[in-house]
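Working notes, structure below.
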Amino acid sequence: MALLQPPQSTFPLACATEVFGDHGPAIPARYAVDICTELPGPVRTQAGYDMLVTAGLDALERADTVLVPGWDQPPGTEPSPAVVDAVRRAHERGARIVGLCSGTFVLAAAGLLDGRRAATHWAGAAALATRFPRVHVDPAVLYVDHGDVATSAGSAAGVDLCLHLVSHDQGAAYALRVARQLVMPPHREGCQLQYAELPTSGPVADSLAPLLDWLSGRLDQPVSVAEMALRSQVSARTLTRRFTEQLGISPGRWLLDRRIDATRALLEETDLPVETIARRVGLSSAVNLRRRFHESLRTTPAAYRRAFRADSSRSASHS
């Protein structure tokens, strides 16, 4: 359920509906998307047209996930008590609450982010931190997911968060199919600060994109940081610094995350033995794969496969 508020920004709403909406016969539908607003009727948008919304705040009472796709109001304006109360009550009964871009301000006003990390558009991070000092605003990340509450950075980062939520709900393989339909990567690298306005006209750091593409095509092969550095024609120390600056993680962590993602997809979509999967994703042995998988996801490959195969069977039986 998307909670709209005039003047509604159309882009974050479109991000959510494109990810969670109907993708045609090629991808089975797993979500039903509805919209509501505080005062049902025409809702003005920033694009110059009105949207007719017939459902009011009581619709949040039956939503499993409540999305706030932006909240574009004059500085100093607070969400109405009715909106804050409806969002808070939805959270209390167990609904997942998601703020996209400036929608994070509504979640903060409801007290759902007190003492927690949160993301919003980099240009609004300082304002969010000032208005809600109990919120730990991270101006760099694309999104933050606490399970019951999630927030994203600006604009297209809403797609990143929505795809992440789909992966959590339906599995990595299903999320990959949706991402391909949208012509998007299932996991975008880096943080939002790479898109922030540059404070000076100085040189921009060398992009890691060519190296990441090269590594993604060689997940089945052992690759050391020294080999990555040689490929990039820099020292291992320089390469590690670039990964930290541009992606926020080490080269080894990035590569392991991609191997785990590939493992998840193979567990969901194939009956391959764990030993075979370990070789395909470059984790060398079933023992090593199980250890790394458990460290990353706090579950075993066998339990993960059972869970997502069972979810797929249930979804198919209800379609």
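I'd like to verify a number: residues in the stretch 279-304 that are free of Cβ contacts under 8 Å to residues at least 12 places away in the same chain and more than 22 Å from the chain's Cα centre (by Cα), how many?
Quick first cut of the stretch 279-304, residues free of Cβ contacts under 8 Å to residues at least 12 places away in the same chain only: 285, 287-288, 291, 294-295, 298-300, 303.
Narrowing further to those that are more than 22 Å from the chain's Cα centre (by Cα): 285, 287-288, 291, 300, 303.
Qualifying residue count for the region: 6.
Just wondering, is there one or more residues in the stretch 75-92 that are assigned to a strand (DSSP E or B), without any contact (Cβ under 8 Å) to a residue 60 or more places away in the chain and basic (K, R)?
The answer is no, given that none of the residues of the stretch 75-92 is assigned to a strand (DSSP E or B), without any contact (Cβ under 8 Å) to a residue 60 or more places away in the chain and basic (K, R).
Check whether at least one residue in the stretch 94-102 is under 21 Å from L39 (Cα atoms), of a type in the set (S, T, Y) and surrounded by 15 or more Cβ atoms within 10 Å (Cβ to Cβ), and report yes or no.
Looking through the stretch 94-102, at least one residue is under 21 Å from L39 (Cα atoms), of a type in the set (S, T, Y) and surrounded by 15 or more Cβ atoms within 10 Å (Cβ to Cβ).
So, in the stretch 247-270, how many residues would count as being within 15 Å of A286 (Cβ to Cβ) and aromatic (F, W, Y)?
Selection size over the stretch 247-270: 0.
Specify which of the listed residues (R231, R237) is open to solvent by 40 Å² or more (accessible area, probe 1.4 Å), at pLDDT 90 or above, in contact with a helix residue (DSSP H, G or I) (Cβ under 7 Å, 6 or more places away or on another chain) and of a type in the set (K, R).
The conditions single out R231.
Restricting the first residue to the stretch 212-236 and requiring it to be closer than 16 Å to L256 by Cα, which pairs with a second residue that is β-branched (V, I, T) and part of a helix (DSSP H, G or I) meet a Cβ separation below 9 Å and a spacing of at least six or different chains?
Final answer for the pair search is V225/T240.
So for the stretch 129-138 (the condition being within 21 Å of S9 (Cα to Cα) and touching a residue at least 12 places away in the same chain (Cβ under 8 Å)), does at least one residue qualify? Lay out the reasoning, then the answer.
Applying the first criterion (within 21 Å of S9 (Cα to Cα)) to the stretch 129-138 yields none.
No; the residues of the stretch 129-138 include none that is within 21 Å of S9 (Cα to Cα) and touching a residue at least 12 places away in the same chain (Cβ under 8 Å).
Quick check on Q170: is it modelled with pLDDT under 95, under 15 Å from the mean Cα position of the chain (by Cα) and crowded, with 23+ Cβ neighbours inside 10 Å?
It is false that Q170 is modelled with pLDDT under 95, under 15 Å from the mean Cα position of the chain (by Cα) and crowded, with 23+ Cβ neighbours inside 10 Å.
Please enumerate the residues belonging to the stretch 49-82 that are touching a strand residue (DSSP E or B) at 6+ places or on another chain (Cβ under 7 Å) and either over 20 Å from T17 (Cβ atoms) or small (G, A, S) (or both).
Those that are touching a strand residue (DSSP E or B) at 6+ places or on another chain (Cβ under 7 Å) and either over 20 Å from T17 (Cβ atoms) or small (G, A, S) (or both): A55, G56, A59, G70.
Confirm whether A126 is over 22 Å from Y31 (Cβ atoms), among the hydrophobic types (A, V, I, L, M, F, W, C) and either surrounded by fewer than 23 Cβ atoms within 10 Å (Cβ to Cβ) or within 16 Å of the chain's Cα centre (by Cα) (or both).
For A126, the condition - over 22 Å from Y31 (Cβ atoms), among the hydrophobic types (A, V, I, L, M, F, W, C) and either surrounded by fewer than 23 Cβ atoms within 10 Å (Cβ to Cβ) or within 16 Å of the chain's Cα centre (by Cα) (or both) - is met.
Among the numbered criteria (1) touching a Lys or Arg at 6+ places or on another chain (Cβ under 8 Å); (2) open to solvent by 40 Å² or more (accessible area, probe 1.4 Å), which single criterion is violated by D257?
All conditions are met except number (1).
Among the residues of the stretch 57-90, write down those that are surrounded by 13 or more Cβ atoms within 10 Å (Cβ to Cβ), under 23 Å from the mean Cα position of the chain (by Cα) and of a type outside the set (K, R).
Correct list: L60, A63, T65, V66, L67, V68, P69, G70, W71, D72, V87, A90.
Residues in the stretch 285-307: is at least one hydrophobic (A, V, I, L, M, F, W, C), surrounded by fewer than 17 Cβ atoms within 10 Å (Cβ to Cβ), over 24 Å from R253 (Cβ atoms) and at pLDDT 90 or above?
The answer is yes, given that some residue of the stretch 285-307 is hydrophobic (A, V, I, L, M, F, W, C), surrounded by fewer than 17 Cβ atoms within 10 Å (Cβ to Cβ), over 24 Å from R253 (Cβ atoms) and at pLDDT 90 or above.
Of the conditions (1) in a helix (DSSP H, G or I); (2) open to solvent by less than 60 Å² (accessible area, probe 1.4 Å), I249 satisfies every one except a single condition; which number is it?
(1)
The values are calculated or read from the model by the stated rules, or taken from the named source; none is laboratory data. This one's a predicted model, so the numbers in the text were calculated from it and none came from an experiment. FYI the Cβ positions are ideal-geometry reconstructions off the backbone, even for glycines, and counts take in every protein chain you see. For accessibility, only protein heavy atoms count, side chains too; no ligands or nucleic acids. Shrake-Rupley method; radii C 1.70, N 1.55, O 1.52, S 1.80 Å.
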